[in-house]
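The values are calculated or read from the model by the stated rules, or taken from the named source; none is laboratory data. In this text, all values refer to a predicted model and were calculated from it rather than measured experimentally. Glycine gets a Cβ as well: all are built from the backbone with ideal geometry, and neighbour counts include every protein chain shown. Keep in mind that these areas ignore ligands, DNA and RNA; they rest on the heavy atoms of the full protein, side chains included. Shrake-Rupley method; radii C 1.70, N 1.55, O 1.52, S 1.80 Å.
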Amino acid sequence: MARRIVILTGAGISAESGVPTFRAADGLWEGHRVEDVATPQAFRRNPALVQRFYDDRRAFLGQVQPNAAHHALARLDAAWPTGDRGELLLVTQNVDDLHDRAGSRRLLHMHGELLSALCTACGAARRWERPLLQPHSCPACARPDTLRPDIVWFGEMPYQMERITSAIAACDLFVSIGTSGAVYPAAGFVQWAREAGAETLELNLEPSAGTPMFSEARHGPAGTLVPQWVEAMLAEL
Ligand code: BV8
(Lines give C-alpha, C1' and ligand atoms only; values in the text may rest on other atoms or scores of the structure.)
Protein backbone atom coordinates (compact mmCIF):
# COMPACT_ATOMS: atom_id res chain seq x y z
CA MET A 1 0.00 0.00 0.00
CA ALA A 2 1.33 3.46 -0.86
CA ARG A 3 2.16 5.40 2.28
CA ARG A 4 3.88 8.60 1.19
CA ILE A 5 1.90 10.33 -1.57
CA VAL A 6 2.65 13.45 -3.62
CA ILE A 7 -0.19 14.74 -5.81
CA LEU A 8 0.32 17.37 -8.54
CA THR A 9 -2.70 19.16 -10.00
CA GLY A 10 -3.11 21.46 -12.98
CA ALA A 11 -5.87 23.44 -14.65
CA GLY A 12 -7.71 20.28 -15.71
CA ILE A 13 -8.90 19.60 -12.14
CA SER A 14 -10.70 22.96 -12.13
CA ALA A 15 -12.16 22.62 -15.67
CA GLU A 16 -15.43 21.03 -14.47
CA SER A 17 -15.83 23.95 -12.06
CA GLY A 18 -15.95 26.23 -15.10
CA VAL A 19 -12.41 27.63 -14.77
CA PRO A 20 -10.88 27.80 -18.30
CA THR A 21 -7.73 25.75 -18.83
CA PHE A 22 -4.69 27.30 -20.48
CA ARG A 23 -4.33 25.26 -23.62
CA ALA A 24 -7.84 24.26 -24.59
CA ALA A 25 -9.41 26.03 -27.58
CA ASP A 26 -11.32 28.40 -25.27
CA GLY A 27 -8.36 28.59 -22.92
CA LEU A 28 -7.13 31.58 -21.06
CA TRP A 29 -4.07 31.94 -23.17
CA GLU A 30 -6.35 32.21 -26.21
CA GLY A 31 -7.66 35.48 -24.86
CA HIS A 32 -4.20 36.77 -24.05
CA ARG A 33 -0.88 35.69 -25.53
CA VAL A 34 1.33 34.19 -22.86
CA GLU A 35 4.10 36.72 -23.40
CA ASP A 36 1.52 39.47 -23.00
CA VAL A 37 0.55 38.67 -19.44
CA ALA A 38 2.54 36.00 -17.57
CA THR A 39 6.08 37.43 -17.54
CA PRO A 40 7.85 40.15 -15.50
CA GLN A 41 8.72 41.88 -18.76
CA ALA A 42 5.04 42.10 -19.70
CA PHE A 43 4.28 43.58 -16.29
CA ARG A 44 6.98 46.22 -16.71
CA ARG A 45 5.87 46.96 -20.28
CA ASN A 46 2.12 47.09 -19.69
CA PRO A 47 1.20 46.82 -16.01
CA ALA A 48 -2.44 47.76 -16.58
CA LEU A 49 -3.00 44.87 -19.03
CA VAL A 50 -1.40 42.37 -16.64
CA GLN A 51 -3.22 43.73 -13.59
CA ARG A 52 -6.54 43.58 -15.46
CA PHE A 53 -5.87 39.99 -16.64
CA TYR A 54 -5.43 38.89 -13.02
CA ASP A 55 -8.14 41.18 -11.63
CA ASP A 56 -10.63 39.50 -14.01
CA ARG A 57 -9.55 36.01 -12.93
CA ARG A 58 -9.58 36.95 -9.23
CA ALA A 59 -13.11 38.32 -9.56
CA PHE A 60 -14.21 35.15 -11.43
CA LEU A 61 -13.39 33.01 -8.38
CA GLY A 62 -16.62 34.26 -6.79
CA GLN A 63 -18.59 32.53 -9.57
CA VAL A 64 -17.05 29.04 -9.31
CA GLN A 65 -17.14 26.23 -6.76
CA PRO A 66 -14.87 23.27 -5.98
CA ASN A 67 -15.95 20.13 -7.87
CA ALA A 68 -16.09 16.43 -6.88
CA ALA A 69 -12.37 16.05 -7.61
CA HIS A 70 -11.36 18.87 -5.22
CA HIS A 71 -13.64 17.48 -2.52
CA ALA A 72 -12.30 13.94 -2.95
CA LEU A 73 -8.70 15.12 -2.52
CA ALA A 74 -9.72 17.02 0.62
CA ARG A 75 -11.30 13.81 2.01
CA LEU A 76 -8.09 11.94 1.28
CA ASP A 77 -6.03 14.65 2.99
CA ALA A 78 -8.22 14.53 6.09
CA ALA A 79 -8.06 10.71 6.36
CA TRP A 80 -4.48 10.00 5.28
CA PRO A 81 -1.97 9.43 8.12
CA THR A 82 0.95 11.71 8.83
CA GLY A 83 4.43 11.24 10.28
CA ASP A 84 6.08 7.83 10.06
CA ARG A 85 2.75 6.10 9.27
CA GLY A 86 2.36 7.95 6.00
CA GLU A 87 2.39 11.37 4.39
CA LEU A 88 0.50 13.35 1.79
CA LEU A 89 1.33 16.58 -0.04
CA LEU A 90 -0.87 18.25 -2.65
CA VAL A 91 1.18 20.50 -4.94
CA THR A 92 -1.01 22.59 -7.22
CA GLN A 93 0.05 24.62 -10.25
CA ASN A 94 -3.34 26.32 -10.06
CA VAL A 95 -3.70 29.85 -8.77
CA ASP A 96 -7.42 29.43 -7.99
CA ASP A 97 -8.58 28.74 -4.41
CA LEU A 98 -10.70 25.66 -5.13
CA HIS A 99 -8.45 23.16 -3.27
CA ASP A 100 -8.39 25.58 -0.30
CA ARG A 101 -12.18 25.96 -0.30
CA ALA A 102 -12.65 22.19 -0.60
CA GLY A 103 -10.65 21.87 2.64
CA SER A 104 -7.26 20.47 1.59
CA ARG A 105 -4.71 21.34 4.30
CA ARG A 106 -1.45 19.72 3.22
CA LEU A 107 -1.48 21.94 0.14
CA LEU A 108 0.95 24.31 -1.55
CA HIS A 109 0.53 26.63 -4.54
CA MET A 110 3.82 26.38 -6.42
CA HIS A 111 2.80 29.09 -8.92
CA GLY A 112 1.23 31.49 -6.41
CA GLU A 113 -2.39 32.46 -5.82
CA LEU A 114 -4.90 34.91 -7.27
CA LEU A 115 -6.03 35.79 -3.74
CA SER A 116 -2.59 37.01 -2.73
CA ALA A 117 -0.73 40.21 -3.63
CA LEU A 118 3.02 40.77 -3.52
CA CYS A 119 4.58 44.13 -2.64
CA THR A 120 7.31 45.11 -5.12
CA ALA A 121 8.74 47.46 -2.49
CA CYS A 122 8.92 45.43 0.73
CA GLY A 123 8.47 41.91 -0.66
CA ALA A 124 5.55 41.04 1.64
CA ALA A 125 2.75 38.78 0.30
CA ARG A 126 -0.66 39.29 1.85
CA ARG A 127 -4.19 37.98 1.16
CA TRP A 128 -5.86 40.26 -1.40
CA GLU A 129 -9.41 39.97 -2.77
CA ARG A 130 -10.03 43.26 -4.59
CA PRO A 131 -8.81 44.55 -7.96
CA LEU A 132 -5.18 45.73 -8.00
CA LEU A 133 -5.86 48.09 -10.89
CA GLN A 134 -7.16 50.68 -8.48
CA PRO A 135 -5.44 52.84 -5.87
CA HIS A 136 -4.18 50.69 -3.02
CA SER A 137 -1.50 50.60 -0.38
CA CYS A 138 0.63 47.69 0.79
CA PRO A 139 -0.86 46.13 3.96
CA ALA A 140 2.68 45.57 5.26
CA CYS A 141 4.66 48.72 4.40
CA ALA A 142 1.77 51.10 3.56
CA ARG A 143 3.50 52.36 0.40
CA PRO A 144 1.02 53.35 -2.35
CA ASP A 145 0.47 51.33 -5.56
CA THR A 146 3.36 48.86 -5.16
CA LEU A 147 1.35 45.60 -5.28
CA ARG A 148 1.55 43.01 -8.09
CA PRO A 149 -0.25 39.67 -8.44
CA ASP A 150 1.43 37.05 -6.23
CA ILE A 151 1.80 34.77 -9.25
CA VAL A 152 4.95 32.93 -10.43
CA TRP A 153 5.48 34.16 -14.00
CA PHE A 154 7.64 32.53 -16.68
CA GLY A 155 11.29 33.01 -15.77
CA GLU A 156 10.48 33.31 -12.04
CA MET A 157 11.29 30.65 -9.47
CA PRO A 158 8.29 28.57 -8.33
CA TYR A 159 7.50 28.64 -4.60
CA GLN A 160 8.65 26.03 -2.04
CA MET A 161 10.81 24.02 -4.44
CA GLU A 162 12.90 22.60 -1.57
CA ARG A 163 9.77 21.26 0.14
CA ILE A 164 8.54 19.81 -3.17
CA THR A 165 11.83 18.14 -4.10
CA SER A 166 12.23 16.53 -0.67
CA ALA A 167 8.60 15.29 -0.66
CA ILE A 168 9.05 13.72 -4.11
CA ALA A 169 12.40 12.15 -3.13
CA ALA A 170 10.63 10.49 -0.17
CA CYS A 171 7.37 9.47 -1.85
CA ASP A 172 6.30 6.01 -2.96
CA LEU A 173 3.35 7.24 -5.03
CA PHE A 174 3.21 10.29 -7.34
CA VAL A 175 -0.17 11.17 -8.88
CA SER A 176 -0.55 13.84 -11.60
CA ILE A 177 -4.07 15.18 -12.17
CA GLY A 178 -5.27 17.49 -14.97
CA THR A 179 -2.03 18.87 -16.32
CA SER A 180 -0.62 18.95 -19.85
CA GLY A 181 3.00 18.54 -18.74
CA ALA A 182 3.94 21.61 -20.78
CA VAL A 183 5.66 23.75 -18.14
CA TYR A 184 8.75 23.06 -16.07
CA PRO A 185 9.81 22.31 -13.40
CA ALA A 186 6.34 20.81 -12.66
CA ALA A 187 6.43 18.73 -15.86
CA GLY A 188 9.65 17.13 -14.64
CA PHE A 189 8.29 15.96 -11.25
CA VAL A 190 7.25 12.55 -12.63
CA GLN A 191 10.85 11.87 -13.65
CA TRP A 192 12.08 12.75 -10.15
CA ALA A 193 9.44 10.43 -8.68
CA ARG A 194 10.54 7.56 -10.95
CA GLU A 195 14.14 8.11 -9.90
CA ALA A 196 12.97 7.92 -6.28
CA GLY A 197 11.46 4.51 -7.07
CA ALA A 198 7.85 5.69 -6.68
CA GLU A 199 4.80 4.37 -8.48
CA THR A 200 3.47 7.03 -10.87
CA LEU A 201 -0.17 7.51 -11.89
CA GLU A 202 -1.65 10.04 -14.32
CA LEU A 203 -5.34 10.98 -14.15
CA ASN A 204 -6.09 13.26 -17.11
CA LEU A 205 -8.81 13.88 -19.69
CA GLU A 206 -6.54 12.69 -22.48
CA PRO A 207 -2.91 11.61 -22.94
CA SER A 208 -0.51 14.43 -22.01
CA ALA A 209 3.09 15.19 -22.93
CA GLY A 210 4.13 13.24 -19.83
CA THR A 211 1.93 10.15 -20.27
CA PRO A 212 4.75 7.87 -21.45
CA MET A 213 6.61 8.59 -18.18
CA PHE A 214 3.83 7.23 -15.95
CA SER A 215 3.62 3.59 -14.84
CA GLU A 216 -0.16 3.91 -15.12
CA ALA A 217 -2.40 6.46 -16.90
CA ARG A 218 -6.19 6.68 -16.72
CA HIS A 219 -8.01 9.02 -19.08
CA GLY A 220 -11.33 10.69 -18.36
CA PRO A 221 -12.75 13.68 -16.48
CA ALA A 222 -11.20 14.40 -13.07
CA GLY A 223 -14.69 14.68 -11.55
CA THR A 224 -15.12 10.97 -12.23
CA LEU A 225 -11.59 9.53 -12.01
CA VAL A 226 -10.42 11.32 -8.84
CA PRO A 227 -13.29 10.26 -6.52
CA GLN A 228 -12.91 6.68 -7.79
CA TRP A 229 -9.18 6.72 -7.07
CA VAL A 230 -9.65 8.32 -3.64
CA GLU A 231 -12.32 5.79 -2.62
CA ALA A 232 -9.93 2.97 -3.54
CA MET A 233 -7.11 4.60 -1.51
CA LEU A 234 -9.39 5.07 1.52
CA ALA A 235 -10.49 1.43 1.27
CA GLU A 236 -6.80 0.42 1.55
CA LEU A 237 -6.38 2.39 4.79
C1 BV8 B 1 11.43 28.48 -14.01
C2 BV8 B 1 0.90 30.93 -13.23
C3 BV8 B 1 13.63 28.69 -13.45
C4 BV8 B 1 0.50 31.97 -14.20
C5 BV8 B 1 2.18 29.48 -14.66
C6 BV8 B 1 12.70 25.18 -22.17
C7 BV8 B 1 12.73 23.93 -21.58
C8 BV8 B 1 12.34 23.76 -20.25
C9 BV8 B 1 11.92 24.85 -19.50
C10 BV8 B 1 11.88 26.07 -20.10
C11 BV8 B 1 12.26 26.25 -21.41
N12 BV8 B 1 12.12 27.56 -21.72
C13 BV8 B 1 11.64 28.22 -20.61
C14 BV8 B 1 11.52 27.33 -19.63
C15 BV8 B 1 11.07 27.58 -18.29
C16 BV8 B 1 9.58 27.80 -18.23
C17 BV8 B 1 8.82 26.78 -19.04
O18 BV8 B 1 8.62 25.65 -18.60
N19 BV8 B 1 8.37 27.19 -20.24
C20 BV8 B 1 7.59 26.28 -21.07
C21 BV8 B 1 6.59 27.10 -21.90
C22 BV8 B 1 8.56 25.49 -21.97
N23 BV8 B 1 9.23 27.65 -16.84
C24 BV8 B 1 9.35 28.71 -16.01
O25 BV8 B 1 9.68 29.82 -16.37
C26 BV8 B 1 9.11 28.41 -14.54
N27 BV8 B 1 10.20 28.92 -13.79
O28 BV8 B 1 11.73 27.64 -14.83
O29 BV8 B 1 12.31 29.10 -13.23
C30 BV8 B 1 14.48 29.62 -12.74
C31 BV8 B 1 15.72 29.14 -12.35
C32 BV8 B 1 16.52 29.97 -11.67
C33 BV8 B 1 16.11 31.26 -11.39
C34 BV8 B 1 14.87 31.72 -11.78
C35 BV8 B 1 14.05 30.89 -12.46
C36 BV8 B 1 7.86 29.06 -14.02
C37 BV8 B 1 6.66 28.64 -14.82
C38 BV8 B 1 5.40 29.12 -14.13
C39 BV8 B 1 4.54 29.90 -15.09
N40 BV8 B 1 3.26 30.18 -14.45
N41 BV8 B 1 1.04 29.70 -13.98
C42 BV8 B 1 -0.99 32.03 -14.33
O43 BV8 B 1 -1.69 31.10 -13.87
O44 BV8 B 1 -1.42 33.03 -14.92
S45 BV8 B 1 2.21 28.21 -15.77
C46 BV8 B 1 0.65 27.57 -16.07
O47 BV8 B 1 0.74 26.68 -17.20
C48 BV8 B 1 0.12 26.65 -15.00
O49 BV8 B 1 0.41 27.11 -13.71
C50 BV8 B 1 0.77 25.32 -15.27
O51 BV8 B 1 1.98 25.20 -14.58
C52 BV8 B 1 1.12 25.41 -16.71
C53 BV8 B 1 0.51 24.27 -17.49
O54 BV8 B 1 -0.87 24.44 -17.42
P55 BV8 B 1 -1.78 23.19 -16.96
O56 BV8 B 1 -2.15 23.41 -15.55
O57 BV8 B 1 -1.16 21.89 -17.30
O58 BV8 B 1 -3.03 23.45 -17.87
P59 BV8 B 1 -3.17 23.14 -19.42
O60 BV8 B 1 -4.30 23.94 -19.95
O61 BV8 B 1 -1.82 23.26 -20.07
O62 BV8 B 1 -3.54 21.60 -19.44
C63 BV8 B 1 -4.77 21.22 -18.87
C64 BV8 B 1 -4.76 19.70 -18.85
O65 BV8 B 1 -5.95 19.26 -18.20
C66 BV8 B 1 -4.76 19.09 -20.24
O67 BV8 B 1 -3.84 18.03 -20.26
C68 BV8 B 1 -6.19 18.58 -20.41
O69 BV8 B 1 -6.23 17.38 -21.15
C70 BV8 B 1 -6.59 18.30 -18.98
N71 BV8 B 1 -8.03 18.43 -18.71
C72 BV8 B 1 -8.91 19.32 -19.25
N73 BV8 B 1 -10.14 19.12 -18.72
C74 BV8 B 1 -10.02 18.10 -17.82
C75 BV8 B 1 -8.68 17.66 -17.82
N76 BV8 B 1 -8.26 16.66 -17.04
C77 BV8 B 1 -9.16 16.07 -16.24
N78 BV8 B 1 -10.47 16.42 -16.20
C79 BV8 B 1 -10.93 17.43 -16.97
N80 BV8 B 1 -12.22 17.77 -16.91
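Considering the zone a paramagnetic label at Asp36 would reach in this model (a point 7 Å from Cα along the Cα-to-Cβ line), which residues of region 49-70 have amide N under 11 Å from it?
49-50, 53
Over region 61-170, what percent of the accessible surface lies on carbon and sulfur atoms, probe 1.4 Å?
Reported share for carbon and sulfur atoms: 51 percent.
Could you go through region 43-54 in sequence order and give the Karplus-derived ³J(HN,Hα) for each residue, using 6.51 cos²θ - 1.76 cosθ + 1.60 with θ = phi - 60°, rounded to whole Hz, and x for Gly and Pro?
Couplings: 5, 5, 6, 9, x, 5, 4, 5, 4, 5, 4, 7 Hz.
Based on DSSP, what percent of beta bridges with both residues in the chain are antiparallel, to the nearest 5?
Around 25 percent antiparallel, to the nearest 5.
Using 7 Å Cα-to-Cβ label points, what is the Ala78/Arg3 separation (nm, one decimal)?
The modelled label-to-label distance comes out at 2.5 nm.
Along region 123-136, what does the Karplus equation 6.51 cos²θ - 1.76 cosθ + 1.60 (θ = phi - 60°) give for ³J(HN,Hα), rounded to whole Hz, x for Gly and Pro?
Coupling constants for region 123-136: x, 6, 10, 9, 4, 8, 10, 9, x, 8, 7, 8, x, 8 Hz.
Grab the alpha carbons of region 65-206, take their convex hull, and tell me the volume per residue in Å³.
136
Mind putting a number on the dipole of region 24-175 about its Cα centre? Charges go on the C-beta only, +1 for Lys and Arg and -1 for Asp and Glu, and I need it in Debye to the nearest 20.
400
Report the extension gain between Ala140 and Arg163 in nm, rounded to one decimal, defined as 0.36 nm multiplied by the number of residues separating them, less their alpha carbon distance.
5.7 nm
Among Ala121, Ala15, Tyr54, whose Cα lies farthest out toward the positive end of the dipole of the chain, if unit charges sit on the beta carbon of Lys, Arg (+1) and Asp, Glu (-1)?
After comparing all options, I get Ala121.
So what's the net charge close to Pro221: Lys and Arg +1, Asp and Glu -1, counting the other residues with Cβ under 13 Å from its Cβ?
It works out to a net charge of -1.
May I have the convex hull volume per residue, in Å³, for the Cα set of the chain?
Hull volume normalised by residue count: 121 Å³.
Residue separation times 0.36 nm, minus the C-alpha to C-alpha distance between Ser215 and Glu231: what's the value?
Answer, rounded to one decimal: 3.7 nm.
Taking H as built 1.01 Å from N, whose amide H comes closer than 5 Å to the amide H of Cys138, not counting residues under 5 places away?
Arg143, Asp145, Thr146
Around Gln65, under 15 Å between beta carbons, what's the net of Lys plus Arg minus Asp minus Glu among the other residues?
-3
Could you point to the residue in Thr146, Gln41, Phe174 farthest towards the positive end of the chain's charge dipole, with +1 and -1 charges on the Cβ of Lys/Arg and Asp/Glu respectively?
Comparing the listed Cα positions along the dipole, Thr146 ranks first.
Per DSSP H run of at least 4 residues, take -39500 (n - 2.57); add these up for the chain, divide by its residues and hand me the 222 nm value, nearest 500 deg cm²/dmol.
After summing the helix terms and dividing by residue count, I get -9000 deg cm²/dmol.
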